[in-house]
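These notes are about the structure you will find just below.
The values are calculated or read from the model by the stated rules, or taken from the named source; none is laboratory data. Small disclaimer: the values here were computed from a predicted structure and weren't measured. Quick reminder, even Gly has a Cβ in these numbers, built from the backbone with ideal geometry, and neighbours come from all protein chains shown. Surface areas here come from the heavy atoms of the whole protein model, side chains and all, with no ligands, DNA or RNA. Shrake-Rupley method; radii C 1.70, N 1.55, O 1.52, S 1.80 Å.
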Amino acid sequence: KEEPPHVKDAKDILAKAKAITDPDEFDAFYDGCGPRIEAIKEASANTYDYLVKQMGEISASLRIAA
């Protein structure tokens with residue numbers, strides 16, 4: 001079964017976010033993903049909630065490491 005586009009997009013955002021090692025770079029990336037994240041929110045509240053939670057965890061781990 002093919003994944004819905006919003007799930008593929010969320011996975012793409014998370015994969016790119018996990019590769020970032022600098023908190024400022026992460027913030028810029030997150031801000032740049034705003035329209036994509038809004039589209040995910042409109043498509044699926046569950047996917048959106050998962051994405052935002054994961055992004056928060058990535059952000060927190062970057063700030064702890066910094």
Inset, instruction - Would you check which residues across the stretch 8-40 are of a type in the set (S, T, N, Q) and surrounded by 12 or more Cβ atoms within 10 Å (Cβ to Cβ) and list them? - result: none
Legend entry - Inter-residue pairs, beta-carbon under 8 Å, first under 17 Å from Glu3 (Cβ atoms) and in the stretch 26-47, second open to solvent by 60 Å² or more (accessible area, probe 1.4 Å) and assigned to a helix (DSSP H, G or I), 6+ apart: Ala43/Pro5
Legend entry - Selection count, the stretch 45-66, where residues are of a type in the set (S, T, N, Q) and closer than 16 Å to Asp12 by Cα: 2
Inset, instruction - Might you let me know whether the stretch 41-63 holds any residue that is at pLDDT below 95, in a helix (DSSP H, G or I) and open to solvent by 90 Å² or more (accessible area, probe 1.4 Å)? - result: yes
Inset, instruction - For Pro5, work out the one condition from (1) surrounded by 10 or more Cβ atoms within 10 Å (Cβ to Cβ); (2) within 11 Å of the chain's Cα centre (by Cα) it doesn't fulfil. - result: (2)
